[in-house]
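Working notes, beginning with the structure itself.
The values are calculated or read from the model by the stated rules, or taken from the named source; none is laboratory data. Here the structure is a predicted model, which means the values were calculated and not measured. Positions of Cβ are backbone-derived with ideal geometry, glycine not excepted, and every protein chain shown enters the neighbour counts.
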Amino acid sequence: MSPVCKVAMGSGVVDGPALATMRVCGSACMFWLVSLCMPGQRIRRRDWPALMAMSLCGMALNQFLYVTGVQYTSPTNGCVIGTSTPIMALLLSAVFLKMRITRQRAIGIGLACCGALFLLLGSAHGAGGHLKGDVYCLCSQVAAACYFVFFGRLIRRYRVVTLMKWLFTISSLVVLPVFGPHLAGLDWPALGITEGVSCIYVVAIGTFVCYLLLNVGQSRLAPPVVAAYNYVQPVVAATAGILWGVDELTWQKVLAILLIAGGVLLVSSRKSKAL
């Protein structure tokens, strides 16, 4: 999705806030349509406050920050930083949930931090990225980590479609008053076919289908296996971005991929079998 986002915003007609609004509102409509074909499930009254906070972290903030970050930085940088979510989740768990950090996890955190540092320093010196965009992407992963750390029980309590339709609906109600003018002010006739198809892909495939498959995968696979698949993202993003001419591969990015992947592997590795 990262290189496709870059293509969608390449002409300047669509900006980050407008594309993020498309993602949230479009996915809300799709999940509601799917939910009409499935048995209903009521949300308990006491879960609504947590659901609202969950929506803000996992959808509104996460998606706005990530898409806006990709607008300024390279697709590979965005994906590399995206693999750091387990590190962020561990740090939040240690601070707020008093989770014990072992020596192995501490080494993993150190490696991942070094990888992020290489990316940020490379972007600051113009090595295929942009510091502002990298910081946006990094903040989006903090929001995503909050989503997983503080709302894990809620994620397991409801069916995927039920949870997603309400999370995206709440996010739409938050995003539309703030960023709706960006979407309403788009010069639609100036939007080319390539940019239009890219926007559709970001909403339908990169968000709707992705969230469905991700939740199914997390329910059937052990956490280390899920984490391992994250390492594929920067490779795919770098390959597609270079082929499409919207990215470049630098030694800082290669080193960052290796360091962050190694750090996440150390943090998430434990004897666990797929369900």
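Can you confirm whether SER55 is of a type in the set (Ser, Thr, Tyr), out of contact with any Pro (no Cβ under 8 Å at 6 or more places or on another chain) and assigned to a loop (DSSP other than H, G, I, E, B)? No. Quick one: how many residues across the stretch 2-24 are in a loop (DSSP other than H, G, I, E, B) and crowded, with 24+ Cβ neighbours inside 10 Å? Within the stretch 2-24, residues that are in a loop (DSSP other than H, G, I, E, B) and crowded, with 24+ Cβ neighbours inside 10 Å number 2.
Exactly one residue out of ILE109, ILE43 is β-branched (Val, Ile, Thr), assigned to a loop (DSSP other than H, G, I, E, B) and farther than 29 Å from VAL7 by Cα, and it is ILE43. Here VAL149 qualifies as in contact (Cβ under 8 Å) with a residue 40 or more places away in the chain and farther than 21 Å from ALA237 by Cβ. Restricting attention to the stretch 25-46 and to residues that are more than 11 Å from CYS199 (Cα to Cα) and crowded, with 17+ Cβ neighbours inside 10 Å, the residue that is nearest to the chain's Cα centre (by Cα) turns out to be SER27. Residue under question is SER74, and the condition is that it be of a type in the set (Ser, Thr, Tyr) and within 19 Å of ILE205 (Cα to Cα); does it hold? Answer is no for this residue. Counting the residues of the stretch 11-37 that are over 21 Å from VAL178 (Cβ atoms) and in contact with an Asp or Glu (Cβ under 7 Å, 6 or more places away or on another chain) gives 1.
Considering only residues in the stretch 212-266 that are of a type in the set (Gly, Ala, Ser), surrounded by fewer than 16 Cβ atoms within 10 Å (Cβ to Cβ) and in a helix (DSSP H, G or I), the one that is modelled with the lowest pLDDT turns out to be SER219.
So which residues in the stretch 185-200 are within 16 Å of GLY16 (Cβ to Cβ) and part of a helix (DSSP H, G or I)? Once the filter is applied, which keeps residues that are within 16 Å of GLY16 (Cβ to Cβ) and part of a helix (DSSP H, G or I), the stretch 185-200 yields GLU195, SER198, CYS199.
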